[in-house]
Amino acid sequence: MLGAKLNARDYLDAVLLEMGKVIPDEMERLSAAIFERYKSRRFVYIIGNGGSGANASHLCEDLGKGSVPTGDAPRLKVLSLTDNTSYILAWGNDSSFERIFVEQLRNLGEPGDLLIAISGSGNSPNILRAVEWANANGIHTFGMTGFGGGKLRSIAKDCLHCPSGDMGVVESLHVIAFHYVVGRVHAMVRNHVGQALAA
């Protein structure tokens, strides 16, 4: 934890350095992938554990509310699979924690949907299992990783990578990226709806 080693000024400088390593085009590609699901009326699912699970909930809320178009136009279909507590506990207790996300996808996922999989290490078994199933069943997968990216970076169809070696910084950079993505999707949805109304 950087905060255990550095004073506040040095910590902020270190975070700023790590922020500069994030590739902007990866943020643009995530925005585009979400917007494509808006246009095609497909679902966006988001998964993560711990702090990444909290980020999944946060991104879901921001996307669902922050992308609302004007008037009665269709809304983005987005769901965080980290938030169905009873379902997660049932699979974790009765079977295996590795199955908590993939089993929800088996109920809900369809070809053409998007799965955003958040894992700082890139090696969480329940994340990898869900991504593998999604890849095999026509669901586009977009990883969110840190550190070296782990296995997730290699198996997801696309990835937004934050190459910090500090989990707290990785999770913070993911949120910063998410807030850009939400704003970008908001603009694309509003523009799309405006063009449709003008046609």
Task: Residue satisfying condition, being among the aliphatic types (A, V, I, L, M), under 16 Å from Leu30 (Cβ atoms) and in a helix (DSSP H, G or I), within set Val181, Val169, Val193 - done: Val181
TODO: Among the residues of the stretch 1-13, count how many are part of a helix (DSSP H, G or I), over 30 Å from Pro125 (Cβ atoms) and out of contact with any helix residue (DSSP H, G or I) (no Cβ under 8 Å at 6 or more places or on another chain).
DONE: 5
TODO: Taking the residues in the stretch 34-53 that are over 11 Å from the mean Cα position of the chain (by Cα) and assigned to a helix (DSSP H, G or I) as candidates, determine which candidate is farthest from Glu98 (Cα to Cα).
DONE: Lys39
- [ ] Tell me which of these Glu61 doesn't satisfy, since it passes every other one: (1) more than 15 Å from Glu171 (Cβ to Cβ); (2) in contact with a Gly (Cβ under 7 Å, 6 or more places away or on another chain); (3) assigned to a helix (DSSP H, G or I).
- [x] (2)
TODO: Considering only residues that are out of contact with any strand residue (DSSP E or B) (no Cβ under 9 Å at 6 or more places or on another chain) and aliphatic (A, V, I, L, M), look in the stretch 20-68 and name the one that is modelled with the lowest pLDDT.
DONE: Val68
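Out of the residues in the stretch 14-26 that are open to solvent by 70 Å² or more (accessible area, probe 1.4 Å) and assigned to a helix (DSSP H, G or I), state the one that is nearest to His174 (Cα to Cα). It would help to see each step written out before you state the result.
Here is the first cut: in the stretch 14-26, the ones open to solvent by 70 Å² or more (accessible area, probe 1.4 Å) are 16-17, 19, 21, 23-25.
Remaining after also requiring assigned to a helix (DSSP H, G or I): 16-17, 19, 24-25.
Working: Leu16: 13, Leu17: 15, Met19: 10, Pro24: 12, Asp25: 14 Å.
Once the filter is applied, the top-ranked residue is Met19.
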TODO: From Val170, Val182, grab the single residue that is at pLDDT 95 or above, open to solvent by 10 Å² or more (accessible area, probe 1.4 Å) and within 15 Å of the chain's Cα centre (by Cα).
DONE: Val182
Task: Restricting the stretch 62-77 to residues that are touching a residue at least 12 places away in the same chain (Cβ under 8 Å) and either within 27 Å of Phe97 (Cα to Cα) or within 16 Å of the chain's Cα centre (by Cα) (or both), the residue that is surrounded by the most Cβ atoms within 10 Å (Cβ to Cβ) - done: Leu63
Task: Filter result for Ile46 (within 19 Å of Pro125 (Cα to Cα) and touching a residue at least 40 places away in the same chain (Cβ under 8 Å)) - done: yes
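Which of the following residues is within 30 Å of Asp10 (Cα to Cα), of a type in the set (S, T, N, Q) and surrounded by fewer than 18 Cβ atoms within 10 Å (Cβ to Cβ): Asn191, Asn123? Spell out the reasoning first.
Working: Asn191 fails: within 30 Å of Asp10 (Cα to Cα).
Asn123 is the lone residue from the list that is within 30 Å of Asp10 (Cα to Cα), of a type in the set (S, T, N, Q) and surrounded by fewer than 18 Cβ atoms within 10 Å (Cβ to Cβ).
Which residues, counting only those in the stretch 101-117, are surrounded by 14 or more Cβ atoms within 10 Å (Cβ to Cβ) and touching a Leu at 6+ places or on another chain (Cβ under 8 Å)?
Within the stretch 101-117, the first condition is being surrounded by 14 or more Cβ atoms within 10 Å (Cβ to Cβ), and the residues that meet it are 101-105, 109, 112-117.
Once the filter is applied, which keeps residues that are surrounded by 14 or more Cβ atoms within 10 Å (Cβ to Cβ) and touching a Leu at 6+ places or on another chain (Cβ under 8 Å), the stretch 101-117 yields Phe101, Gln104, Leu105, Gly109, Leu115, Ile116, Ala117.
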Open item on the list: For the stretch 80-90, check the following and say yes or no: at least one residue is surrounded by fewer than 20 Cβ atoms within 10 Å (Cβ to Cβ) and either in contact with a strand residue (DSSP E or B) (Cβ under 9 Å, 6 or more places away or on another chain) or closer than 21 Å to Asn137 by Cα (or both).
Closed with: no
Task: Among (1) open to solvent by 30 Å² or more (accessible area, probe 1.4 Å); (2) out of contact with any Pro (no Cβ under 9 Å at 6 or more places or on another chain), the one test that Asn137 misses - done: (2)
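The values are calculated or read from the model by the stated rules, or taken from the named source; none is laboratory data. Model, not experiment: these values are computed from the prediction. Quick reminder, even Gly has a Cβ in these numbers, built from the backbone with ideal geometry, and neighbours come from all protein chains shown. When the accessible area is computed, the model is the full protein with side chains, heavy atoms only, and any ligands, DNA or RNA have been set aside. Shrake-Rupley method; radii C 1.70, N 1.55, O 1.52, S 1.80 Å.
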